[in-house]
Amino acid sequence: MRRYFARKLLVYALTFVVAVTVNWMIPRFMPGDPVAAMVARARVSQPEAAEAMRTYYNNLFGFDEPLWQQYLHFWGALLQGDFGISIWVFPTPVGDVLLDALPYTLALMIPSVLLSWFVGNWIGALSARRKVLDNTVLPAGYLLTAMPYMWIAVILAWALGAKAGWFPLSGGYSLDIQPGWNADFVLDALHHWVLPFLSLFLVALGGWAIGMRNMIIYELESDYSSYLAALGAPQRLIRRYAFRNAVLPQVTGLALQLGVLVAGALVTEIVFAYPGLGSLILASIQNQDFFLLQGAFLFIVIGVLIANFLIDIVYVVVDPRTRTGMAGGTS
């Protein structure tokens, strides 16, 4: 088992290095000059003062160094937990900007991913055994999973926000409430959280329900199920074996879908102007903030890698074949 997890950790470490390197390169391929934009925003009329500001900012951000030196300094700072200074909200450290936005993204992602997985698999397992449920859940599941995140977000905002007036259309909280750990802010934040959560939850729910429904039907029609039925095994026992075998590909699918779900959360945040990492990424692109963009992508990469590693551990727990293979490898 130690060898298995050591090999996994090595793969994840290499993936982290490659992903962070690509993450460092992407902002530098963007057109435009962030320092020139900062000088323009300062509206300095004297050319000498503008040139002095340009020199100061280039030296401060390290843009006057060769790219290879910038890359080495980036890794040196990153290993010390320094993400740099934000160009957009200069001179606020990038780490502070990200920590303000991260709770909103986590509050959206974790419930929507876990609830959609559990509820979708439960509905899919039921619909595989009940014809009436199958005839209603299957078309609804195809419709939901085929809809892009932004479409269902716009539909929910129009129906439940603009027309019904039940939920606010945008933002993470009302502007007349000061953020803090008090009941008024928590209730107001939950009120703003409902529509972004529903848009992520519903799209993911359809895919999990269809996947589990198809896997249960496949398992119930397989040879071992027919053999158990011929031996007189109760249907409840056969369904239990079918569910245990059908849930394994769903666990693998959860690991593969995490990146897609993160991208969906970013788009949803932009649609609802939700103050999470998605809104920060949009603002950093619009303001050519290299360091904020790197920091936001870095948090996403770390989150996806940690989630995949946790799913690897869960897979070992729920799949006896994996444990048997690991035991055979160590003997």
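The values are calculated or read from the model by the stated rules, or taken from the named source; none is laboratory data. This is a predicted model, so every value here is computed, not measured. Please note: Cβ atoms are built from the backbone with ideal geometry, for glycine as well, and neighbour counts cover all protein chains shown. Remember, those area values only see protein heavy atoms, side chains included, never the ligands or the DNA or RNA. Shrake-Rupley method; radii C 1.70, N 1.55, O 1.52, S 1.80 Å.
Would you check if there is a residue in the stretch 68-79 being under 23 Å from the mean Cα position of the chain (by Cα) and within 30 Å of GLY172 (Cα to Cα)? Yes, the stretch 68-79 has at least one match.
With PHE309, PHE297 as the choices, which residue is outside any loop (DSSP other than H, G, I, E, B), crowded, with 17+ Cβ neighbours inside 10 Å, of a type in the set (A, V, I, L, M, F, W, C) and at pLDDT 80 or above? Break it down stepwise before answering.
On the way: PHE309 fails: crowded, with 17+ Cβ neighbours inside 10 Å.
Result: PHE297 is the single residue among PHE309, PHE297 that is outside any loop (DSSP other than H, G, I, E, B), crowded, with 17+ Cβ neighbours inside 10 Å, of a type in the set (A, V, I, L, M, F, W, C) and at pLDDT 80 or above.
Only residues that are of a type in the set (A, V, I, L, M, F, W, C), more than 14 Å from the chain's Cα centre (by Cα) and part of a helix (DSSP H, G or I): list them for the stretch 82-116, please. Spell out the reasoning first.
From the stretch 82-116, those of a type in the set (A, V, I, L, M, F, W, C) are 83, 85, 87-90, 94, 97-99, 101-102, 106-110, 113-115; that's our starting set.
After this cut, where a residue has to be more than 14 Å from the chain's Cα centre (by Cα) as well, the list is 83, 85, 87-90, 94, 97-99, 115.
Within the stretch 82-116, VAL94, VAL97, LEU98, LEU99, LEU115 meet the criteria.
Checking each residue in the stretch 259-286 for being over 15 Å from the mean Cα position of the chain (by Cα) and open to solvent by less than 40 Å² (accessible area, probe 1.4 Å) picks out PHE272, ALA283, SER284.
In the stretch 205-224, which residues are over 12 Å from ALA128 (Cβ atoms) and either open to solvent by 40 Å² or more (accessible area, probe 1.4 Å) or part of a helix (DSSP H, G or I) (or both)? If you could, list the steps in order and put the result at the bottom.
First, the residues of the stretch 205-224 that are over 12 Å from ALA128 (Cβ atoms): 205-208, 222-224.
Those that are over 12 Å from ALA128 (Cβ atoms) and either open to solvent by 40 Å² or more (accessible area, probe 1.4 Å) or part of a helix (DSSP H, G or I) (or both): LEU205, GLY206, GLY207, TRP208, ASP223, TYR224.
Any residue at all in the stretch 84-92 that's touching a Ser or Thr at 6+ places or on another chain (Cβ under 6 Å) and surrounded by fewer than 16 Cβ atoms within 10 Å (Cβ to Cβ)? Yes, because at least one residue in the stretch 84-92 is touching a Ser or Thr at 6+ places or on another chain (Cβ under 6 Å) and surrounded by fewer than 16 Cβ atoms within 10 Å (Cβ to Cβ). Residues in the stretch 126-158 that are open to solvent by 100 Å² or more (accessible area, probe 1.4 Å) and hydrophobic (A, V, I, L, M, F, W, C) were compared, and the one that is nearest to PRO168 (Cα to Cα) is TRP158.
Taken together, the residues in the stretch 1-39 that are farther than 21 Å from LEU293 by Cα, modelled with pLDDT of 80 or more, open to solvent by 70 Å² or more (accessible area, probe 1.4 Å) and not basic (Lys, Arg) amount to 4. Of the residues in the stretch 148-156, at least one is modelled with pLDDT under 85 and in contact with a Leu (Cβ under 8 Å, 6 or more places away or on another chain). So, in the stretch 65-81, how many residues would count as being outside any helix (DSSP H, G or I) and surrounded by 14 or more Cβ atoms within 10 Å (Cβ to Cβ)? Of the residues in the stretch 65-81, 1 are outside any helix (DSSP H, G or I) and surrounded by 14 or more Cβ atoms within 10 Å (Cβ to Cβ).
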